[in-house]
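Only the coordinates and a few stated rules stand behind these numbers; no lab work does. What you are looking at is a predicted structure, and each value in this text was computed from that prediction instead of being measured. Glycine gets a Cβ as well: all are built from the backbone with ideal geometry, and neighbour counts include every protein chain shown.
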Amino acid sequence: MSSCDTFVALPPATNGCIIFGKNSDRPQSEIQEVIHVKAEDHENGSKVQCTYIEVAQAGHTYAVILSKPAWMWGAEMGANEHGVCIGNEAIYTKMASDEDKEEKLLGMDLVRLGLERGRTGREAVEVIAELLVAHGQGGPCYDDPSKADVIYHNSFLIVDGTEAWVLETAGKEWAAERITSGTRNLTNMMSIDTNYELSSPGLKELAKAKGFWSGEGELDFTEVFSSDLSSVKTCPGSENPANRLKAGKELMKKYADSGFTTSSMMNILRDEESGICRLGATGSTTMASQVSVLYPPASGKPSCHWFTATPNPARSVFKPFVFTPDTSIPSLTVSPVFPDDPAKTSPRFQKSVNRGHMLYAAHQKINPLDDNFKQESLRNLLMGLESDCVKEVEGFLAEYDPSRVNDLEGLFGDAVETEMKFYRKYVN
């Protein structure tokens, strides 16, 4: 089944910041790129082409950094210039139907739309909810014709420097829970009970009309709308989302008890024993990862976003990105463009193309998904580079001076170049 794991740590678990993390678990054949899209003003009445359908464009879209499957418009995770982060999860609900196979908005499209249009986490919740109700969610979630019937609904972890929101959907229905402290992790199971602050109009009436709810007591969103997961509950080990959810909670508590940091989140995303870091032996593979450190607006500090842009965080390097006035990133993490892209022609997905970007190709030389990986010395060198980078960036932000914002220019590009040089020097 589809799998991802998403996490957030808030004060008092952290030292005043909010830390977001996600592993994007997708097919091994699917390359994930990291792209930067600048802020832009748009003409009234203009449209934006998402993966499958067009929707009305906003008058202004914010600058975003996205980690996304290269074949689609939407993103698995990302951040915007105002310090909002979003990641999505596949979930399975009673509202699923054959209509979900029709081309609508993907959950990944909603991630990107929320980031481009939401100045705060609360605004992003409202953006996603409005578009969900207007257009619905559906269409092939993979660029593989053999997976055309794999459909799911979506949950979202939406975070800014002040708070976090869990937004869960069932068809066009939705509920959103606000989180202001502690830790929370999501996997491929619904989790919102009666403790939601926002919900779709007519939610209770629909639940009663469908026979999902008697109307007595408070409506428990998960109990009412979650599908029968009996087949999933019998899955072994990390294939069972309940097992990953439990393991994730335990890891979050372990690190929170000693002070949750950037490195804490990276360590959790690298945890192979729990199945949070997935190597594709069964099911999906962790194809990219993100960790973001978000500060309250009053702090004056910029948020810092760390991306791998490569599979398996246990054998990848997290590289830092900070939005600056003249932000740009190199093409090394951007996949090639194809004039007759099989994801954009009809019928779709009738041929395969090589979407590997330059960093992905270089990273493949260390066999990141090979169970017999023997180059621990190389891994230790890579982790040393990352550790030094984390310490340097954290030190800079601890004493942040806005007049030195240009010192952060090109941070991501420099880290990617350093990683590329490493592969050229040490890997044949």
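Of the three principal axes defined by the Cα atoms of the range 210-346, the extents in descending order read 56, 51, 34 Å. The label point for GLU273 and the one for ARG178, both projected 7 Å from the Cα toward the Cβ, are 3.9 nm apart. When the Cα positions of VAL111, GLN350, ALA13 are compared along the charge dipole of the chain, GLN350 comes out farthest toward the positive end, with charges on each C-beta of Lys, Arg, Asp and Glu.
Treating r as the C-beta distance of VAL150 and SER263 and R0 as 51 Å, the FRET efficiency rounds to 0.90.
Within the range 47-85, find all residues whose amide N lies under 11 Å from a label point positioned 7 Å from the Cα of ASP41 along Cα-to-beta-carbon. Answer for this model: 60.
So how much slack lies between GLU376 and LYS391, counting 0.36 nm per residue of separation and subtracting their Cα-Cα distance, in nm?
Values: separation 15, 0.36 × 15 = 5.40 nm, distance 2.22 nm.
Working it through step by step, the gained length comes to 3.2 nm.
For the range 5-426, give the magnitude of the charge dipole about the Cα centre (Cβ charges: +1 Lys/Arg, -1 Asp/Glu; no others), in debye to the nearest 20. Spell out each step's value before the answer.
Numbers: 42 positive and 60 negative charges, 163 e Å.
So the dipole magnitude of the range 5-426 works out to roughly 780 debye.
Of SER377, SER303, the sequence from fewest to most neighbouring Cβ atoms within 10 angstrom is SER377, SER303. Here the label points at ALA209 and SER97, each 7 Å from Cα along the C-beta direction, are separated by 1.1 nm in the simple model. Excluding same-chain neighbours fewer than eight residues apart, the lysines reachable from LYS208 by a Cα-Cα span under 23 Å are LYS94, LYS172.
Note the full-extension length gain between ASP340 and ARG119 as 0.36 nm times their separation in residues minus their Cα-Cα distance, in nm to one decimal.
Full-extension gain reported as 76.0 nm.
Compute a Gaussian network model of the chain, connecting alpha carbons closer than 10 Å, and tell me which residue from LYS68, LYS101, LYS391 fluctuates the most. Evaluated over the chain, the most mobile residue of the options is LYS391.
When a/c is below 1.5 the answer is rounded, else prolate if a/b is larger than b/c, else oblate, so apply that to the range 135-222 with a ≥ b ≥ c taken from the square roots of the Cα gyration tensor eigenvalues.
On the way: a/c = 2.24, a/b = 1.15, b/c = 1.96.
Since a/c reaches 1.5 but b/c is at least a/b, the shape of the range 135-222 is classed as oblate.
Remark: relative contact order (the chain) = 18 percent; criterion is Cα-Cα distance under 8 angstrom and separation of 6 or more residues.
Using a 10 Å cut-off around each Cβ, can you sort VAL427, VAL48, VAL84 from fewest to most neighbouring Cβ atoms?
On the way: VAL427 14, VAL48 17, VAL84 29.
Result, fewest neighbours first: VAL427, VAL48, VAL84.
Let me make sure I get this right: for the chain, a, b and c are the square roots of the gyration tensor eigenvalues over alpha carbons, sorted descending. Under 1.5 in a/c it's rounded, otherwise prolate if a/b > b/c, else oblate. Which is it? Verdict is rounded for the chain. Each of LEU167, LEU385 was scored by other Cβ atoms within 10 Å of its Cβ. Listed from fewest to most, they are LEU385, LEU167.
Residue-wise HN-Hα couplings along the range 356-369, as the Karplus relation 6.51 cos²θ - 1.76 cosθ + 1.60 with θ = phi - 60° gives them from phi, are x, 8, 5, 5, 4, 4, 5, 5, 4, 5, 9, 6, x, 10 Hz; Gly and Pro carry x.
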